[in-house]
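Nothing in this text is a laboratory measurement; each read-out follows from the coordinates by a stated rule. Since we're looking at a predicted model, the values are computed, not measured. In this analysis, Cβ positions are derived from the backbone assuming ideal geometry, glycine residues included, and neighbour counts consider all displayed protein chains.
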Amino acid sequence: MQLIDGKKISLELQAEISIEVQKLKAGGKKTPHLAAVLVGDDPASRAYVRNKVKACENVGFKSTLIEFEVYVSEQKLLAKIDELNNDADIDGYIVQLPLPRHISEQKIIEAIKPSKDVDGFHPINVGRLVLNLPTYVSATPFGIVQLLERYRIETEGKHCVVIGRSHIVGSPMSILMAKNTTLANCTVTLCHSRTLDLKEHTLKADIIIAAIGKPDFVTADMVKPGAVVIDVGINRVDDLSQTKGYRLVGDVKFDEVAPKCSYITPVPGGVGPMTIASLIKNTLLAAKKEIYA
Ligand code: NAD
């Protein structure tokens, strides 16, 4: 079994991006600029945004963090989005999800200018992904494809089972893995909460991508020997031996699944760091106007 080191690959990608940023600056081009909008004080969201801003600094981007109180009105948030859409210095921006219940996430996502939607959540960018047109691929699936590429994991003709059909992970992941490209070309099965006999599907998988949000959900009896297992889950479980009172675990029961796999991602240190590297990469594409001229 080989461990897929997402942290290492993420740092490699960031180092490559930082060289590109230096070249841009040396050529008199503007510094890429990512803005992040954070609403409320959810500790997990705050930590994610902090890591994204820190990664921007590491690669030499400019970053702006815009914070709102949890009770900010939808109208006020939309006004900020309009401002960001029209700010020529900002190449791309994200609105950290989830948003408080009184704000429509869909309305907010649709208000983001597609050319600045570096999270790749806008319907136009999702549609472009489906049609195989240049687009911002949402960061987590994009990160997973890059991990498979860097580890030279063969995907063509393989059977990939994606568990979870969310708009940000499972659905775009299934589309990416089925694409007619050398990095994908899988036969894809998309499983979800209404799938009957999930194990029957996972046991046939050469590649399992678990994005469920349930700790230790994928067990050894669900995995074919030699399978590649990508664990997207980030779940907090109580652990009083930790100073924070909890620890992070994935959707895969790592200790029993790992010995059966050819490759597996750990949690933490697998998919998570790649999500950030992909967001940075999308921002570079935005700054270089490679998706939308
Ligand atoms: P979600 O809650 O939006 O979707 C979960 C999916 O799991 C749903 O589509 C549902 O149909 C499916 N599901 C639920 N119960 C199931 C069952 N019993 N059998 C089969 N399918 C079932 O979650 P999400 O936003 O896609 O996130 C999934 C997990 O990935 C979470 O733990 C989240 O924290 C994590 N996540 C990690 C990253 C990262 O960067 N590593 C990024 C995004 C999300």
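ALA88 to GLU110: FRET efficiency via 1/(1 + (r/R0)^6), r the Cβ-Cβ distance, R0 25 Å, to the nearest 0.05?
Numbers: r = 22 Å, r/R0 = 0.87.
For ALA88 and GLU110, the calculated efficiency is 0.70.
Counting each pair of different Cα atoms once, what's the Kirkwood radius of region 75-128 in Å, rounded to one decimal? If you can, show how the numbers build up before the last one.
Details: mean 1/r = 0.0876 Å⁻¹.
Hydrodynamic radius (Kirkwood, Cα only) of region 75-128 equals 11.4 Å.
Using a 10 angstrom cutoff on alpha carbons, build the Gaussian network for the chain and name the most mobile of GLY60, GLY270, GLY143.
GLY60
For LEU99, what residues show an amide H to amide H distance below 5 Å, using hydrogens built from the backbone and excluding near sequence neighbours?
Placed amide hydrogens put nothing under 5 Å from LEU99.
Full extension from LEU3 to LYS289: what is 0.36 nm times the residue separation minus their Cα-Cα distance, to one decimal in nm? Working shown, then result.
Working: separation 286, 0.36 × 286 = 102.96 nm, distance 3.52 nm.
Additional length available on full extension: 99.4 nm.
Just to check I understand the Karplus step: with θ = phi - 60° and J = 6.51 cos²θ - 1.76 cosθ + 1.60, what whole-Hz values come out for region 143-154, glycine and proline as x?
Result, ordered by residue: x, 5, 4, 5, 5, 4, 5, 5, 8, 6, 7, 6 Hz.
Place +1 on the Cβ of every Lys and Arg and -1 on the Cβ of every Asp and Glu in the chain, take the dipole about the Cα centre, and give the residue among ASN235, LEU147, ILE109 whose Cα lies farthest towards its positive end.
The residue sitting most towards the positive pole is LEU147.
Hey, in the chain, which Cys have no second cysteine's beta-carbon closer than 4.7 Å?
CYS56, CYS191, CYS261
Where the centre of each part is set by its Cα atoms, how far does region 122-148 sit from region 200-261, in angstrom?
24 Å
Placing +1 on the Cβ of each Lys and Arg and -1 on the Cβ of each Asp and Glu in the chain, which of ILE94, VAL161, THR182 has its Cα farthest towards the positive end of the resulting dipole?
Farthest towards the positive pole: THR182.
If you average the sequence gap of Cα pairs under 8 Å that are 6 or more apart and divide by the length of region 137-241, what percent do you get for the contact order?
Working: 171 pairs, mean separation 26.8, N = 105.
After rounding, I find 25 percent.
Name the residue from ILE17, PRO123, GLY269 whose Cα lies farthest towards the positive end of the charge dipole of the chain, charges +1 on Cβ of Lys and Arg and -1 on Cβ of Asp and Glu.
The listed residue farthest towards the positive side: ILE17.
Modelled label-to-label distance, LEU78 and ALA15, 7 Å Cα→beta-carbon offset: nm?
4.7 nm
Under a 10 Å cutoff between Cα atoms, tell me which one of ILE212, ILE66, ILE168 has the largest fluctuation in the Gaussian network model of the chain.
Sorting by GNM fluctuation, first place goes to ILE66.
Scanning the chain for trypsin sites (Lys or Arg not before Pro) in DSSP loops with at most 10 other Cβ atoms within 10 Å, what's the longest stretch left with none? List each step's numbers first, then the result.
Values: sites that count: ARG101, ARG152, ARG194, LYS244, LYS289.
Maximal segment without exposed cleavage sites: 1-100.
Is the shape of region 161-275 rounded, prolate or oblate, going by the alpha carbon gyration tensor and its root eigenvalues a ≥ b ≥ c, with a/c under 1.5 for rounded and a/b larger than b/c for prolate? Write out the running numbers ahead of the final one.
Numbers: a/c = 1.73, a/b = 1.53, b/c = 1.13.
The shape class here is prolate.
Compute a Gaussian network model of the chain, connecting alpha carbons closer than 10 Å, and tell me which residue from PRO266, PRO114, PRO134 fluctuates the most.
In the Gaussian network model the winner is PRO134.
Is there a quick way to get the dipole size of region 164-293? I mean about its Cα centre, with the Cβ of Lys and Arg at +1 and of Asp and Glu at -1; what is the value in debye to the nearest 20?
480 debye
What shape does region 131-192 take by its C-alpha gyration tensor, where a ≥ b ≥ c are the square roots of the eigenvalues and a/c under 1.5 counts as rounded, a/b above b/c as prolate, and the rest as oblate?
Details: a/c = 1.39, a/b = 1.11, b/c = 1.25.
It comes out rounded by the Cα gyration axes.
Give the Rg (one decimal place) followed by the Dmax (whole number) of the chain, computed from C-alpha coordinates and expressed in Å.
19.1, 58
Rounded to the nearest 20 debye, what is the charge dipole size of the chain about its Cα centre when +1 sits on each Lys and Arg Cβ and -1 on each Asp and Glu Cβ?
Numbers: 36 positive and 34 negative charges, 96 e Å.
Result for the chain is approximately 460 debye, rounded to the nearest 20.
At most 16 other Cβ atoms within 10 Å and a DSSP loop assignment: could you name the chymotrypsin sites (Phe, Trp or Tyr not before Pro) in region 7-116 that fit?
Values: sites: TYR48, PHE61, PHE68, TYR71, TYR93; in loops: PHE61, TYR71.
When the chymotrypsin sites (Phe, Trp or Tyr not before Pro) of region 7-116 are filtered for loop state and at most 16 Cβ neighbours within 10 Å, TYR71 remain.
Can you spot the lysines whose alpha carbon is less than 16 Å from LYS199's alpha carbon? Ignore those fewer than 8 places along the same chain.
Cross-link targets: LYS214, LYS224, LYS253, LYS260.
What FRET efficiency comes out for ARG194 versus VAL237 if R0 is 25 angstrom and r is the Cβ-Cβ distance? Round to the nearest 0.05.
Numbers: r = 26 Å, r/R0 = 1.02.
Once rounded, the FRET efficiency stands at 0.45.
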